[in-house]
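Structure first, then comments.
The values are calculated or read from the model by the stated rules, or taken from the named source; none is laboratory data. Since this is a predicted model, take the numbers as computed values, not measurements. Please note: Cβ atoms are built from the backbone with ideal geometry, for glycine as well, and neighbour counts cover all protein chains shown.
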Amino acid sequence: MRFRAFVGCAALLGLIWFLGAYMNGHANMFTLVGERRVENPSAEFPAFAVLMLGGLIAFGVASIAFLWLLFRYVSYHYRGGTRAAYTMRRLPRRWEFALRCGALPLCGLAACQICWRALALLCGLVYAFATPERWLPPDAWGEVLYLVTH
């Protein structure tokens with residue numbers, strides 16, 4: 001249950017950061033002339049990577065937490081009072097130790113990466129379709145796809 005919370009919190013933080021940065025970037029595109037709000041021709045809309053920075057940090061922290069969990073599971077078996085690592089190596093299945101220690105953290109890490117890519121794609125769709133064409137950089141889809149695939 002806690003492991004889903006890592007991924008869920010990272011997704012929520014990434015989405016909140018994106019929406020806040022997007023709305024801030026949108027507001028900075030306008031200026032007040034008298035009492036009228038007009039578009040500022042010299043303003044630049046933030047790049048997609050800048051808008052997704054909070055999500056990148058949150059998912060990076062969640063991924064490191066899953067790797068730390070893997071380290072904790074392995075070290076527990078070597079530091080435990082019964083030395084369970086040696087007992088597991090005597091089991092008929094050769095990979096039992098690796099399976100028991102690595103299954104949950106590695107599945108969590110995979111879920112974290114899949115969720116990051118899905119969130120980046122969703123935010124990229126919002127970025128590409130909700131932003132007026134004149135505000136987007138020339139290769140906006142390239143930025144989105146680069147962030148989704150890397």
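Points worth noting:
- Checked against the criterion of being touching a residue at least 24 places away in the same chain (Cβ under 8 Å), within 25 Å of Met23 (Cα to Cα) and surrounded by 13 or more Cβ atoms within 10 Å (Cβ to Cβ), the candidates Ala62, Ala140 yield just one match: Ala140.
- Here region 22-45 is the region considered, the condition is being surrounded by 19 or more Cβ atoms within 10 Å (Cβ to Cβ) and either under 21 Å from the mean Cα position of the chain (by Cα) or within 18 Å of Ala118 (Cβ to Cβ) (or both), and the residue that is modelled with the lowest pLDDT is Gly25.
- Checked across region 108-119, the condition of being within 12 Å of Phe48 (Cβ to Cβ), in contact with a helix residue (DSSP H, G or I) (Cβ under 8 Å, 6 or more places away or on another chain), at pLDDT 90 or above and not in a loop (DSSP other than H, G, I, E, B) holds for no residue.
Conditions (1) at pLDDT 80 or above; (2) hydrophobic (A, V, I, L, M, F, W, C); (3) in a helix (DSSP H, G or I); (4) within 13 Å of Gly14 (Cβ to Cβ), marked per residue:
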site: Gly55; (1), (2), (3), (4): yes, no, yes, yes
site: Val61; (1), (2), (3), (4): yes, yes, yes, yes
site: Ile64; (1), (2), (3), (4): yes, yes, yes, no
site: Leu67; (1), (2), (3), (4): yes, yes, yes, no
site: Phe71; (1), (2), (3), (4): yes, yes, yes, no
site: His77; (1), (2), (3), (4): no, no, yes, no
site: Met88; (1), (2), (3), (4): no, yes, yes, no
site: Pro92; (1), (2), (3), (4): no, no, no, no
